[in-house]
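K.L.:
I have a structure I would like to understand better, so I am pasting it below and will then ask my questions one at a time.
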Amino acid sequence: MNLRKVTAASAAVFALALTATACGGDDGGDSNGSGSSGGDKKKITIGIKFDQPGLGQKTPQGYAGFDVDVATYVAKKLGYDENQIEWKESKSADRETMLQRGDVEFIAATYSITPEREKKVDFAGPYLLAHQDVLIRADDDKIKAPEDLNSAKLCSVTGSTSAQNIKDKLAPKAQLQPYPTYSACLPGLQNGAVDALTTDDSILAGYAAQEQFKGKFKLAGFKLTNENYGIGVKKGSDLKAKINDALEAMVSDGSWEKAVKDNFGPANYQYETAPKIGDVKS
């Protein structure tokens, strides 16, 4: 008799505990798929580059660049304040894996839309049409066309194919000078160790816009390729449509153009008008 009473009482306590747990605050995910952190305050994790001035750069003051401004605007439209963003470094080789694993909600990191990448992830945008170009010294009047790079010293960055493409297709006599990074190329360009540096014009403009290099370099304006920058999301994510809406709003209210001028203005970047959503230039 006593045993039955104890068992019944225990069962009642257990049932109450289950009810309390079910009714308690749920600090799991939110409607946009991002987990929350610090009580009921939601967060969103966004991938950017940490080492590209003018686009995505980690600085002592925080994070800065055009991609950062775009991502911040998009996050706000998705319902997140700036202090609810967790920035995560997204190196080029890691981007698809980060999205597939769910490490980030989306990536804005000079992420060109290509058929190969679209097999693995989805893209919102494009939000910027960039081109492979060449950065030269501001007083250089000899390099006016890609062929003028014949016999010129062209900075070749480890892991990049841009310089080799120019040598293979446009200027076979170009002298490739190996450097570990684009940042390392700039002093060499400034002091004449190399005559030109090549990659996306947006990246070049970001480097040239740095305070220590203002007025020292210029873009040649060759537009050798089309690079359609998109915002990467996990395959099948409903964020794609929401991000596209945010990008359209950013263009229509003038925030997009302001971000371009704020980040690339000092380099005199002749940027393309904002591309239409889904208009990927081949």
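The values are calculated or read from the model by the stated rules, or taken from the named source; none is laboratory data. Not measured: the values here are computed from a predicted model. Every residue, glycine among them, receives a Cβ derived from its backbone with ideal geometry; neighbour counts consider all protein chains shown. Keep in mind that these areas ignore ligands, DNA and RNA; they rest on the heavy atoms of the full protein, side chains included. Shrake-Rupley method; radii C 1.70, N 1.55, O 1.52, S 1.80 Å.
K.L.:
Residues 224, 129: which one is within 24 Å of the chain's Cα centre (by Cα) and under 19 Å from residue 54 (Cα atoms)? Reasoning before the result, please.
P.N.:
On the way: 224 fails: under 19 Å from residue 54 (Cα atoms).
So the residue among 224, 129 that is within 24 Å of the chain's Cα centre (by Cα) and under 19 Å from residue 54 (Cα atoms) is 129.
K.L.:
Has the range 196-208 got at least one residue that is open to solvent by 30 Å² or more (accessible area, probe 1.4 Å) and more than 29 Å from residue 245 (Cα to Cα)? Spell out how you get there, then give the answer.
P.N.:
At the first step, the residues of the range 196-208 found to be open to solvent by 30 Å² or more (accessible area, probe 1.4 Å) are none.
Scanning the range 196-208, I find no residue that is open to solvent by 30 Å² or more (accessible area, probe 1.4 Å) and more than 29 Å from residue 245 (Cα to Cα), so the answer is no.
K.L.:
Given the condition of a type in the set (Gly, Ala, Ser) and loosely packed, with under 14 Cβ neighbours inside 10 Å, answer yes or no: does some residue in the range 117-128 qualify? Reasoning before the result, please.
P.N.:
Our first condition is that a residue be of a type in the set (Gly, Ala, Ser); within the range 117-128, this holds for 124-125.
This time we only want the ones that are loosely packed, with under 14 Cβ neighbours inside 10 Å, so: none.
No, the range 117-128 has no match at all.
K.L.:
Moving on to the next point. Do any strands (runs of 3 or more DSSP E) lying entirely in the range 165-221 carry at least 3 residues that are touching a Gly at 6+ places or on another chain (Cβ under 6 Å) and under 18 Å from residue 262 (Cα atoms), and which ones are they? Before you say what the answer is, go through the steps one by one.
P.N.:
Details: elements: 175-179, 196-200, 217-219.
Hits in the range 165-221: none.
K.L.:
Restricting the range 239-282 to residues that are in a helix (DSSP H, G or I) and of a type in the set (Phe, Trp, Tyr), which is surrounded by the most Cβ atoms within 10 Å (Cβ to Cβ)?
P.N.:
So in the range 239-282, the residues in a helix (DSSP H, G or I) come out as 239-252, 255-267.
From what is left, the residues that are of a type in the set (Phe, Trp, Tyr) are 256, 264.
Details: 256: 22, 264: 24.
Once the filter is applied, the top-ranked residue is 264.
K.L.:
If I ask for residues that are open to solvent by less than 10 Å² (accessible area, probe 1.4 Å) and either within 19 Å of residue 251 (Cα to Cα) or not small (Gly, Ala, Ser) (or both), which ones from the range 62-94 would you list?
P.N.:
65, 66, 67, 68, 70, 71, 74, 75, 80
K.L.:
Please go through the range 165-195 and give me each residue that is surrounded by 23 or more Cβ atoms within 10 Å (Cβ to Cβ), in contact (Cβ under 8 Å) with a residue 40 or more places away in the chain and closer than 27 Å to residue 111 by Cα, ordered by number.
P.N.:
Scanning the range 165-195 gives 166, 189.
K.L.:
A further question on this structure: Test each condition in (1) within 23 Å of the chain's Cα centre (by Cα); (2) exposed (fewer than 14 other Cβ atoms within 10 Å of the Cβ); (3) more than 23 Å from residue 280 (Cα to Cα) for residue 144 and report the one that comes out false.
P.N.:
Status for residue 144: all satisfied but (1).
K.L.:
From the list 151, 156, 162, which one is touching a Ser or Thr at 6+ places or on another chain (Cβ under 7 Å) and either touching a residue at least 12 places away in the same chain (Cβ under 8 Å) or open to solvent by less than 30 Å² (accessible area, probe 1.4 Å) (or both)?
P.N.:
Working: 151 fails: touching a Ser or Thr at 6+ places or on another chain (Cβ under 7 Å); 156 fails: touching a Ser or Thr at 6+ places or on another chain (Cβ under 7 Å).
Every option except 162 fails the conditions.
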